[in-house]
Amino acid sequence: MTAHHRGTPIPDPKPRQSQRLTDNHGRPITYLRLAITDRCNLRCRYCMPTGGVDFVPHAEVLSFEELERLVRLLSALGVSKIRITGGEPFARRGCLPFMRRLRDIATVRSLHVTTNGVETGRHLDELAELGIAGINLSLDTLDRDRFKQITRRDQLQEVLATFKGCIERSLPLKINAVVLEDTTDKEILTLADLSRLHPLSMRFIEKMPFSGENCGRPRTTIPLRERLHALFPAMMPVVGAPSSTARLFAIPGFAGTIGLIEGNSRRFCATCNKIRITPTGMLKTCLYDNGVLDLKGMLRSGANDRDLTEAVQAVVACRYSDGLETEANCTRSIAPTMASIGG
Ligand code: SAM
Ligand code: SF4
């Protein structure tokens, strides 16, 4: 039975072994991050440029029908975990009905969402009803002024209400906090306290060079790993899924875990099982590439499922071995933002 399907168990149609997407390094591709919009109701400094954002015109964004077709096709090839992201997914009207349609695809085993929590609170009952397998809530600080400074919006209250609503409904929750150059130890300790009190994973994320305007390396600071070890000397590694981007740690007396996501150090490429689709329908087989297949172009010029499958298989068969190799081979003319990539 699929992880989030309720009612009578039904056998899953399983992709034949030969059809499963596996890259040229033997890594099975089982996870899709689907960015359904580049629009957002926040303007996080590490994600959106100060000088404003040029959102792509609506017609350039894949329709829900196009997105669903791609998910059906990819899940038939073994991509069984789907994460809806953006931009802010709930900023796109129709996000929830779309998620319900994906939930009903038998080969989609787990459906997740990454959200900033501003508008998510009022959808929590529906998310619970559709059997959401995980909510990743982005929350970099618990201080109102600091939140305003980071996101350029005064909406911490809404995000905290979403947090509370997730806890009350026992929804599977992870919190993502980007650690910035000026994030203090006190802020890290305050956020970590959430996982002392609640059975959630509090994940600290290395800032990556995607902000729409700054593609340079972040200022050298103490590696986040060392900082967390110094702040939580009792933390002990927890064995997680091999493809997990987060390294998890248990701390005595904590209900949940602390996580470390070293995106910039690229420590998890060897087991990477992910592909991404951007809001404009570019397939990315690595966060650091420029998009390797124009799915929108193919969809809109009448490609059939076989054409699409073969094209996807072809690009997956020539992935770079890791993000450093990808970056070295992909020069960029335009600085990307996480909102246009799907974080
Ligand atoms: N708007 C939603 C949100 O904020 O959760 C989903 C999209 S957002 C691009 C996904 C994740 O990317 C968020 O957790 C955000 O903190 C992270 N992110 C954005 N820019 C980043 C950067 N430069 N470095 C590291 N993480 C970043
Ligand atoms: Fe919006 Fe998420 Fe980017 Fe913040 S990180 S600006 S919430 S897309």
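Identify, please: which residue in region 254-291 is more than 30 Å from Asp193 (Cβ to Cβ) and without any contact (Cβ under 8 Å) to a residue 24 or more places away in the chain and is, among those, surrounded by the fewest Cβ atoms within 10 Å (Cβ to Cβ)? Out of the qualifying residues, it is Gly291. Here is the figure for region 135-167: residues that are within 19 Å of the chain's Cα centre (by Cα), farther than 18 Å from Lys207 by Cα and part of a helix (DSSP H, G or I) total 4. All conditions but one from (1) closer than 30 Å to Arg72 by Cα; (2) touching a Pro at 6+ places or on another chain (Cβ under 9 Å); (3) surrounded by fewer than 21 Cβ atoms within 10 Å (Cβ to Cβ) apply to Gly240; the one that does not is (2).
Within region 44-56, the only residue that satisfies the criterion of being more than 11 Å from ligand 1 (Cβ to nearest atom) and either at pLDDT 95 or above or under 17 Å from Leu295 (Cα atoms) (or both) is Val56. Checking each residue in region 229-243 for being at pLDDT 95 or above and of a type in the set (Gly, Ala, Ser) picks out Ala230, Ala234. Within the set Ile175, Ile188, Ile150, the sole residue that is surrounded by 17 or more Cβ atoms within 10 Å (Cβ to Cβ), out of contact with any strand residue (DSSP E or B) (no Cβ under 8 Å at 6 or more places or on another chain) and on the phi < 0 side of the Ramachandran plot turns out to be Ile150.
Taking the stated definitions as given, is Phe249 among the aromatic types (Phe, Trp, Tyr), closer than 24 Å to Lys207 by Cβ, in contact (Cβ under 8 Å) with a residue 12 or more places away in the chain and touching a helix residue (DSSP H, G or I) at 6+ places or on another chain (Cβ under 8 Å)? It is true that Phe249 is among the aromatic types (Phe, Trp, Tyr), closer than 24 Å to Lys207 by Cβ, in contact (Cβ under 8 Å) with a residue 12 or more places away in the chain and touching a helix residue (DSSP H, G or I) at 6+ places or on another chain (Cβ under 8 Å). Mind listing just one residue for me: the one in region 104-120 that is within 14 Å of ligand 1 (Cβ to nearest atom) and not β-branched (Val, Ile, Thr) and, of those, nearest to the chain's Cα centre (by Cα)? Per the stated criteria, the residue is His112.
Inside region 134-173, residues that are within 13 Å of ligand 2 (Cβ to nearest atom) and aliphatic (A, V, I, L, M) make up a count of 5. The residues on offer are Ile150, Ile167, Ile188, Ile175, and the sole one that is in contact (Cβ under 8 Å) with a residue 24 or more places away in the chain, touching a Cys at 6+ places or on another chain (Cβ under 8 Å) and among the β-branched types (Val, Ile, Thr) is Ile150. Residues in region 109-134 that are in contact with a Phe, Trp or Tyr (Cβ under 9 Å, 6 or more places away or on another chain) and not in a helix (DSSP H, G or I): Val113, Thr115, Asn116, Gly117, Val118, Glu119.
Residues in region 48-97 that are among the β-branched types (Val, Ile, Thr) and touching a residue at least 60 places away in the same chain (Cβ under 8 Å): Thr50, Val53, Val56, Val61, Val79, Thr85.
The values are calculated or read from the model by the stated rules, or taken from the named source; none is laboratory data. Note that the structure is predicted; figures quoted are calculated from it, not measured. Because the Cβ atoms are built from the backbone with ideal geometry, glycine has one as well, and the counts that use them run over all protein chains shown.
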